[in-house]
Amino acid sequence: MTTTTTPSQTATGSDFAVLSRRIIAAGLMRRRPAYYALRLSVVTLMFLGGWAAFFVIGSSWWQMITAVFLAVTFAQVALVAHDLAHRQVFRTKRPSEVAGLLAGNLGVGMSYGWWMDKHTRHHNNPNHDDLDPDVAPEVLVWATESALGRRGLKGFITRHQAVLFFPLLTLLAVSLKVSSVTALRNGTVKRRGVESALLILHAAGYLAALLVVLSPVQTVAFLLLHQGLFGVYLGLTFAPNHKGMPHPTGAEDFLRKQVLTSRNVHGSWLTDVALGGLNYQIEHHLFPGMPTPNLRKAQPIVRAYCAEIGVAYEQTSLVTSYRQALRHLHEVGAPARAEHAAR
């Protein structure tokens, strides 16, 4: 493909059309059934093997190792659910939804329907202060305007949110469960009955296993360690992607809206596995239906094209991405700290 474009072609969609033709010509939108058959098999074996080890080990403090392993496994199951939601795995809607419900609701205890709706809105308007639910002011605040006027516990967290970021991630798994239950109670999830039944089955099976096998003290320790590390892993997977990147005005065309708000993380195949391919966040946001193993191959094409049309392309190391996100949190909290000092 020799078609080129210029930086003057903005807000028309033509830039993205040219890039899409190059990606399709390279065959990078083709399905990868063998890859996903292997990945789903490995993750399923990890899940079943982790719980098998849990019952074999029995009442023992060695179960804390099992808790760590299952925390990693739960995060990998969640990453598989992410790919299912984008229909990277199956061609049609039905098997994607069935597998997504099994992975999300039954596997890790998170409403697949609620998360899919939230994630779709994020993809449509990444980092938009009013339209992206991932940057809505909740426990953490990502926009300076939202930091002002907060008092009590919320105000304290906002003033120190950069320091508290990693400790707060230990509560992420619980937050996902609370949000899931809230969405089901509000009736905002389509398959309310099925999702509720699967969440109840997950919770009942999970708690029953812990209470039957472990002592009361071991149960509490396992629960806190497992759910805490699960939340940290999820947070560390998603935090590098957009946090600290520009917030759009809404006037940008599709390509610029997706590229300028996203950050890639470079690394080896181990980084790809650990982050579920989300380290190629720019390529994923431009082509959310692209199978995960093709993102690495698409990266040089997308980066070269962005240089060609004069669009900034952000790529850093994993550590640098966390540093940038924490710096942004600290800067956003500055007005809150000044307001508190004045009071």
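Across segment 265-272, rounded Karplus estimates of 3J(HN,Hα) from the backbone phi angles (6.51 cos²θ - 1.76 cosθ + 1.60, θ = phi - 60°) give 10, 7, x, 8, 4, 5, 5, 4 Hz, Gly and Pro being marked x. For segment 26-35, 3J(HN,Hα) computed residue by residue from phi via the Karplus equation (6.51, -1.76, 1.60; θ = phi - 60°) reads 7, x, 8, 9, 6, 5, 10, x, 5, 4 Hz, glycine and proline entered as x. Spacing of the modelled spin labels on ARG323 and ALA342, each 7 Å from Cα toward Cβ, amounts to 3.3 nm. Quick one: net charge of ARG31's neighbours, Cβ under 11 Å, K/R +1, D/E -1? Result for the local shell: +4.
Can you send over the carbon and sulfur percentage of the accessible area for the chain, probe radius 1.4 Å, protein chains only?
Working: 10770 of 16140 Å².
Answer for the chain: carbon and sulfur cover 67 percent of the accessible area.
Averaged per residue, the chain has 47 square angstrom of accessible surface, using a 1.4 angstrom probe with ligands and nucleic acids left out. For the set LYS93/LYS257; LYS177/LYS257; LYS257/LYS297; LYS154/LYS190; LYS118/LYS257, the pairs lying more than 25 angstrom apart at their alpha carbons are LYS93/LYS257; LYS177/LYS257; LYS154/LYS190. Using only the Cα atoms of segment 107-256, build the gyration tensor, take square roots of its eigenvalues as a ≥ b ≥ c, and label the shape rounded, prolate or oblate: rounded if a/c is under 1.5, else prolate if a/b is larger than b/c, else oblate. Because a/c hits 1.5 or more and a/b fails to exceed b/c, segment 107-256 counts as oblate. Working from Cα pairs under 8 Å separated by at least six residues, relative contact order for segment 1-133 is 14 percent.
Given the alternatives [x] 0.91; [y] 1.05; [z] 1.60, Cα Rg over 2.2 N^0.38 Å as computed for this entry is given by [y]. For the chain, relative contact order (Cα pairs under 8 Å, six or more residues apart, normalised by length) works out to 26 percent. Once you reduce segment 207-230 and segment 77-141 to the center of their Cα atoms, the two points are 27 Å from each other.
Summing -39500 (n - 2.57) over the DSSP H runs of n ≥ 4 in the chain and dividing by its residue number, what mean residue ellipticity at 222 nm do you reach, to the nearest 500 deg cm²/dmol?
That comes out to -21000 deg cm²/dmol.
A simple spin-label model places pseudo-atoms 7 Å from Cα toward Cβ; at VAL220 and ALA17 they are separated by 6.4 nm.
Multiply the residue separation of VAL68 and VAL212 by 0.36 nm, subtract the distance between their alpha-carbon atoms, and state the gained length in nm to one decimal. Could the numbers behind the result be given before it?
On the way: separation 144, 0.36 × 144 = 51.84 nm, distance 1.96 nm.
Difference between extended and current length: 49.9 nm.
Phi angles of segment 233-249 translate, via the Karplus equation with coefficients 6.51, -1.76, 1.60 and θ = phi - 60°, into HN-Hα couplings of 4, 4, x, 5, 6, 9, 4, x, 6, 9, 5, x, 8, x, 9, x, 9 Hz per residue; Gly and Pro are given as x. Rounded to two decimals, the Cα radius of gyration of segment 1-143 over 2.2 N^0.38 Å is 1.39. Backbone amide hydrogens, once placed in the peptide plane, bring GLN315 within less than 5 Å of ASN264, excluding anything fewer than 5 places away on its chain.
The values are calculated or read from the model by the stated rules, or taken from the named source; none is laboratory data. Here the structure is a predicted model, which means the values were calculated and not measured. Glycine also receives a Cβ, built like all others from the backbone with ideal geometry; neighbour counts cover every protein chain displayed. These accessible areas exclude ligands, DNA and RNA; they are computed on the full protein's heavy atoms, side chains included. Shrake-Rupley method; radii C 1.70, N 1.55, O 1.52, S 1.80 Å.
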